[in-house]
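Worksheet: one structure, shown below.
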Amino acid sequence: MLALPAAAVAANPAGLWEGSLTTPNGDLGMVFNLHQDGDHWAAELDVPMQGVSELPLSNVKVDSASVGFDLPGPGNPHYDGKLSDDGKTIAGNLSGAAGTMQLNLKWKSEARAVSKTQPNSGDVQILEGTWDGTLDANGTTLHLRFNFVKNADGSLKGTIDSLDQGANGLPISSISRSGDTVKLDLKIISGSYEATLNKEASAMSGTFTQGGASLPLAMQRKKADSKN
């Protein structure tokens, strides 16, 4: 069988990619795990300085040498890049609320296996609706909102809004419930929330944890979304 010339074989963008984003507060290192998941492409993000790991990215598209994906965060950040002929670099830009910034990536290693996290565990559908609460972070008041929406398959999807910071639609990685105990994994902000749900399922009170700090947080379901 004849082998195709090397130049005729398109480079494969799958792998672990490293890059650094220049920000007003210094350089921010980022690692992207780009791989195929069945018949489609998928990617996860690590930001070691912020304690973020394996954060799923959306709208991952690979078309020949073009690579693109969306990142969660204010302004709906989007990355567009082009894979080099030797498959060792991706030259691209990250566009979002802060404008467009250059973000070039270098191939580090083969793509790593991803630990699958169950998005739901237990009877969590009762949480469907909008929940509001106020967090006192060392004298700074932050108004938080949890949004729980049912997917077509009946599972529950959650997002968190930090209204004072303009950070909306940040994904909740997993939602679990055991009895009256509700647990949320907030991987995007290296945080978690564990609370006790009241009998009417109209309020929950617990602890919000992020970066080693734990703070009390009570959430109240908006009346329009109250469950009987």
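The values are calculated or read from the model by the stated rules, or taken from the named source; none is laboratory data. Computed from a predicted model, the values in this text were never measured in an experiment. Because the Cβ atoms are built from the backbone with ideal geometry, glycine has one as well, and the counts that use them run over all protein chains shown.
Odds and ends about this structure:
- Taken together, the criteria place residue 68 among residues that are surrounded by 15 or more Cβ atoms within 10 Å (Cβ to Cβ) and either outside any loop (DSSP other than H, G, I, E, B) or of a type in the set (Gly, Ala, Ser) (or both).
- Here residue 54 clears all of (1) of a type in the set (D, E, K, R); (2) farther than 26 Å from residue 159 by Cα; (3) modelled with pLDDT under 85 except the condition numbered (2).
- Among the residues of the stretch 198-212, none qualifies, meaning not one is surrounded by fewer than 17 Cβ atoms within 10 Å (Cβ to Cβ) and in a helix (DSSP H, G or I).
- Selection count, the stretch 133-155, where residues are in contact with a helix residue (DSSP H, G or I) (Cβ under 8 Å, 6 or more places away or on another chain) and farther than 17 Å from residue 169 by Cβ: 2
- Taking the numbered list (1) modelled with pLDDT of 85 or more; (2) not in a strand (DSSP E or B); (3) not charged (D, E, K, R) in turn, residue 41 passes all entries but (2).
- Candidate set: the stretch 127-156, residues that are at pLDDT below 95 and outside any strand (DSSP E or B); chosen: the one farthest from the chain's Cα centre (by Cα): 139
- Residue in the stretch 150-157 that is within 20 Å of residue 195 (Cα to Cα) and among the basic types (Lys, Arg) present: yes
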